[in-house]
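Below is one structure; the comments refer to it alone.
The values are calculated or read from the model by the stated rules, or taken from the named source; none is laboratory data. Computed from a prediction, not measured in an experiment: that's the story for all the values here. Cβ atoms come from the backbone with ideal geometry, glycine included; neighbour counts cover every protein chain shown. The area values use the complete protein model at the heavy-atom level, side chains included, leaving out ligands, DNA and RNA. Shrake-Rupley method; radii C 1.70, N 1.55, O 1.52, S 1.80 Å.
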Amino acid sequence: MGSKSLTFRVTRQKPELVRPAKSTPRECKLLSDIDDQEGLRFQIPVIQFYRSDDGSRDPVKVIREAIAKALVFYYPFAGRLRECAGRKLVVDCTGEGVMFIEADAEVTLEQFGEELQPPFPCLEELLYDVPESAGVLHCPVLLIQVTRLRCGGFIFALRLNHAMSDAAGLVQFMNAVGEIARGASAPSVLPVWQRELLNARDPPRVTCTHHEYDEVADTKGTIIPLDDMVHRSFFFGPTEVSALRKSIPLDISRKCSTFEILTACLWRCRTIALQPEPNEEVRVLCIVNARSKFDPPLPQGYYGNAFAFPVALTTAGELCKRALGCALELVNKAKCDVTEDYMKSVADLMVIKGRPHFTVVRTYLVSDVTRAGFNEVDFGWGKPAYGGPAKGGVGAIPGVASFYIPFKNKNGEKGIVVPICLPGFAMDAFVRELENLLSKNHHSIDDHSAFVRSAL
């Protein structure tokens with residue numbers, strides 16, 4: 001059965017709170033001035049699919065116990081967020097625990113199809129939204145559901161309050177749970193709090209340009225409508241990336257990464273599909289991990305948010321009518337903007353301007369998690385058949401964000417899968433535009449059955 005039409009029953013036990021296995025410090029810990037910006041005050045869903053190892057161990061029992069032991073080291077995850085003066089977020093380390101759900105599904109891993117990629121059927125059953133659990137404040141900062149499958153495999157699904165950690169920080173915690181599940185007494189990378197490293201200077205002073213936080217009026221109602229949203233995933237393997245490179249002058253293409261080429265291409269196709277007025281500003285925000293930009297680098301084990309949203313900015317008319325190489329140069333320049341001073345300047349802006357949300361009007365946000373390590377997390381059943389974001393379009397404003405996820409298709413080709421979320425009318429136009437770009441360079445979506453995958 002193809003996974004598009006797959007439905008199945010999930011039986012869940014009553015949600016419970018898993019507390020740290022030993023007593024932990026009762027204290028309050030401030031988040032950084034990068035962590036508590038408005039644009040990170042939402043829950044981010046992750047999903048991991050694991051194959052059976054033909055053993056008798058119960059993944060629910062093993063993982064539940066490992067979480068309790070890992071929380072001794074990562075005890076802030078067992079606390080609750082509170083808001084103080086100046087909208088400052090603080091973790092009240094109460095030791096109340098993370099929310100945990102045990103479940104069983106009447107389905108096998110094979111029934112999900114040969115290629116596991118978002119959108120996943122029955123996601124709301126595999127990562128259940130426990131009523132009144134999803135708030136940013138006074139709620140569990142982590143919700144974890146482990147669902148046994150009929151084949152002996154299981155699904156580990158997780159929802160994280162993004163203000164606590166970024167992808168790198170979350171994977172660090174997941175690896176700690178995995179190592180303990182496999183018998184370690186402590187994680188190999190010990191957590192480092194030190195959120196003050198990303199606090200504003202005293203006095204705060206904005207020293208860089210931050211168009212990603214411009215206040216843009218939504219005069220034409222162009223924030224994406226939430227009804228009629230279509231989720232699809234697109235696969236970019238060596239063939240597709242090579243076709244895109246061929247549409248760019250060699251002198252530009254040679255110095256650009258796959259991330260930059262994909263970003264420029266998707267930004268342009270998405271803009272054409274959404275049809276903004278030619279004179280309106282459009283922007284793409286590229287998430288850049290800033291851990292290595294500091295001198296000295298942020299300590300290994302730092303699990304707070306340590307990234308920036310540098311922006312490429314132009315008008316819709318310029319982006320759509322000029323060559324793809326022009327968009328690529330804008331993206332390339334934006335990524336180079338991020339330095340230690342840039343990060344300090346963002347923290348200062350947060351304090352001065354009251355922790356604003358990044359601009360969402362006519363904005364596309366891309367996050368590359370190909371190196372985050374979701375696909376390496378091992379709880380004792382080996383690496384996942386799929387590991388990473390559960391869907392595209394997540395965020396405080398749905399439909400704005402896409403992830404680049406490492407993926408191997410059924411032909412064994414390694415590449416990147418990108419979930420896209422758009423209104424129905426725009427998705428059709430987006431696919432046409434992308435097909436146009438690829439077929440011009442000897443590649444068609446129809447040539448490659450794995451290229452596009454539609455939601456129900």
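Inside region 4-66, counting only strands (runs of 3 or more DSSP E) that do not spill past its ends, which hold 1 or more residues that are open to solvent by 60 Å² or more (accessible area, probe 1.4 Å), among the β-branched types (Val, Ile, Thr) and closer than 16 Å to ALA103 by Cα?
Working: elements: 10-12, 16-18, 28-30, 43-50.
Strands (runs of 3 or more DSSP E) meeting the threshold: 10-12.
Beta carbons closer than 6 Å, at least 6 apart along the sequence or on distinct chains, pair a first residue in region 291-318 that is within 16 Å of CYS265 (Cα to Cα) and part of a helix (DSSP H, G or I) with a second that is open to solvent by less than 20 Å² (accessible area, probe 1.4 Å) and acidic (Asp, Glu) for ALA316/GLU280. Here region 418-428 is the region considered, the condition is being crowded, with 17+ Cβ neighbours inside 10 Å and among the hydrophobic types (A, V, I, L, M, F, W, C), and the residue that is farthest from PHE235 (Cα to Cα) is ALA426.
Within the option set LEU116, LEU143, LEU137, being within 18 Å of ALA390 (Cα to Cα) and not in a strand (DSSP E or B) holds for one residue only, LEU116. The number of residues in region 188-202 that are crowded, with 17+ Cβ neighbours inside 10 Å and not in a loop (DSSP other than H, G, I, E, B) comes to 3. Taken as a whole, the structure places MET174 among residues that are open to solvent by less than 30 Å² (accessible area, probe 1.4 Å) and within 19 Å of ILE101 (Cα to Cα).
Every residue in region 78-96 that is in contact with a helix residue (DSSP H, G or I) (Cβ under 7 Å, 6 or more places away or on another chain) and either assigned to a strand (DSSP E or B) or surrounded by fewer than 21 Cβ atoms within 10 Å (Cβ to Cβ) (or both), please. Once the filter is applied, which keeps residues that are in contact with a helix residue (DSSP H, G or I) (Cβ under 7 Å, 6 or more places away or on another chain) and either assigned to a strand (DSSP E or B) or surrounded by fewer than 21 Cβ atoms within 10 Å (Cβ to Cβ) (or both), region 78-96 yields VAL91, CYS93, GLY95, GLU96. Can you tell me which residue is nearest to ASN289 (Cα to Cα) among those in region 120-156 that are of a type outside the set (Phe, Trp, Tyr) and touching a Pro at 6+ places or on another chain (Cβ under 7 Å)? For region 120-156, the residue satisfying everything is LEU127.
Of all residues in region 253-270, exactly one satisfies the criterion of being within 18 Å of LYS440 (Cβ to Cβ) and among the polar types (S, T, N, Q), namely SER253.
All conditions but one from (1) more than 12 Å from ARG283 (Cα to Cα); (2) surrounded by fewer than 21 Cβ atoms within 10 Å (Cβ to Cβ) apply to THR314; the one that does not is (1).
Would region 370-380 turn up any residue that is open to solvent by 40 Å² or more (accessible area, probe 1.4 Å) and in a loop (DSSP other than H, G, I, E, B)?
First pass over region 370-380, keeping only residues open to solvent by 40 Å² or more (accessible area, probe 1.4 Å): 371, 375-376.
Still in the running and in a loop (DSSP other than H, G, I, E, B): 371.
Looking for residues that are open to solvent by 40 Å² or more (accessible area, probe 1.4 Å) and in a loop (DSSP other than H, G, I, E, B), one finds at least one in region 370-380, hence yes.
When ASP337 is tested against the conditions (1) closer than 17 Å to THR207 by Cβ; (2) at pLDDT 95 or above, the lone failure is (2). Would you check if there is a residue in region 287-294 being of a type in the set (A, V, I, L, M, F, W, C) and within 25 Å of GLY412 (Cα to Cα)? Among the residues of region 287-294, not one is of a type in the set (A, V, I, L, M, F, W, C) and within 25 Å of GLY412 (Cα to Cα), which makes the answer no. In region 214-232 there is at least one residue matching the filter, namely being at pLDDT 90 or above, out of contact with any Pro (no Cβ under 9 Å at 6 or more places or on another chain) and either surrounded by fewer than 21 Cβ atoms within 10 Å (Cβ to Cβ) or of a type in the set (Gly, Ala, Ser) (or both).
Quick check on this structure: which one of LYS335, LYS321, LYS344 is within 22 Å of GLN37 (Cβ to Cβ) and surrounded by fewer than 21 Cβ atoms within 10 Å (Cβ to Cβ)?
On the way: LYS321 fails: within 22 Å of GLN37 (Cβ to Cβ); LYS344 fails: surrounded by fewer than 21 Cβ atoms within 10 Å (Cβ to Cβ).
Residue meeting the stated conditions: LYS335.
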